[in-house]
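Below is one structure, written out as structure tokens; the observations come after it.
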Amino acid sequence: MIRNVLLRLTMVVLVPCSMLACGPGGEMTGATGMFDRTMQVSGRVDLEVRTGSGTISIRTGADNAVRVIGHIRAFGLFWSDIDPAEQVRRLEANPPVEQRGDLIRIGSPADPSVQGVAISYELTVPVETRIRARSGSGNQVIGPVRGPVDARSGSGSLRIDHVGNHVRVTTGSGRIEALGADAGLEARAGSGSIYAEAIGGALRVRSGSGRVEVEQVEAGPIDVETGSGSVRVRMPANATFDLHARTGSGLIESSRPLAVYGAVSRHKLSGRLGNGGPSVQIATGSGDIRIE
């Protein structure tokens, strides 16, 4: 098995006092608070959660309830005379949580009176939940759930535990870690490494710059590309496939006995295992490629 790497949810955001209301000594003025809501559900849950600045954590719990804990941070803004403590009180009394049957929407309100507010969410959901999660800046940890899961972050790392369906994850900058997807994986990172294990079916992975390490447990097409970084791909023992691999600067190695065809070099390899099968395409601008 490929080594499992634990992702820690740690992020520090520094915002200049020129954009915030600061005290005489330069300290930021602000307030914190929280809300806790539990909603009853009776079937498969459709969950949409969004935060502009904050983290999202989703774990599984009882089959008949969704619990939402919101951690609020309000900062005074120099162009606004709204009291941060008053912003917190409003959100505690009327949190951005909406339920329509088994559809639940959670997100930062659009009301301009709550500008300068960050909310981090801790959610507990039934395993039978479809998830769509968005964060402007902040890490996400999701699962295990039945899925599917569609998660995006403008800047933040994403960790997705086992999902019994398809997974789609995107981040502008940050690490992606997918620890199981029964119906395939799509992963894209603008800058950051991508690690995936126990993926069943198709794999499509893109990183602008970062190491890529993936494991497929059920055969399907594989398309992996990174601008700079090494690539390691592990496939099922009984897999047959058609391989096309290239690297701008690096070596290509395969532990599988390939029937090689076409031009062969240290930086380019095309071959077939067995009678051929799903397409396996791997490319990196600079870095080694290893197929197992």
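The H on the amide N of Gly277, modeled in the peptide plane, is under 5 Å from the matching H of Phe241, Asp242, each at least 5 residues off or on a different chain. Identify the chymotrypsin sites (Phe, Trp or Tyr not before Pro) of the stretch 172-276 meeting these criteria: DSSP loop state and at most 12 other C-beta atoms within 10 Å of the C-beta. Taking the stretch 172-276 and a limit of 12 other Cβ atoms within 10 Å, the loop chymotrypsin sites (Phe, Trp or Tyr not before Pro) found are Tyr261. Under the convention that each Lys and Arg Cβ holds +1 and each Asp and Glu Cβ holds -1, the size of the dipole of the stretch 172-292 around its Cα centre is about 420 debye. For the stretch 150-158, putting each phi into the Karplus relation 6.51 cos²θ - 1.76 cosθ + 1.60 with θ = phi - 60° gives couplings of 10, 10, 9, 9, x, 8, x, 8, 10 Hz, in residue order, rounded to whole numbers and with x for Gly and Pro. Using the Cβ of Pro236 as centre and a radius below 12 Å, the other residues enclosed give a net charge of -1, where K and R count +1 and D and E count -1.
Ratio to report: Rg/Rh of the stretch 139-292, with Cα atoms as the point set and Rh obtained by the Kirkwood method; give two decimals.
On the way: Rg = 15.0 Å, Rh = 15.3 Å.
We get a ratio of 0.98 for the stretch 139-292.
With only the Cα atoms considered, the stretch 241-292 has a convex hull volume of 63 Å³ per residue.
Using alpha-carbon pairs under 8 Å, 6+ residues apart, how would you state the relative contact order of the stretch 99-190 in percent?
So the answer I get is 19 percent.
Between the listed residues Ser155, Gln216, His166, the Cα displaced farthest toward the positive end of the dipole of the stretch 139-292, a dipole computed from Cβ unit charges relative to the Cα centre, is found at Ser155. From the alpha carbon centroid of the stretch 201-257 to that of the stretch 260-292 is 9 Å.
Values quoted throughout were computed directly from the atomic coordinates according to the rules given, and no laboratory measurement underlies them. Small disclaimer: the values here were computed from a predicted structure and weren't measured. Cβ coordinates were reconstructed from backbone atoms using ideal geometry, including for glycine residues, and neighbour counts include every protein chain displayed.
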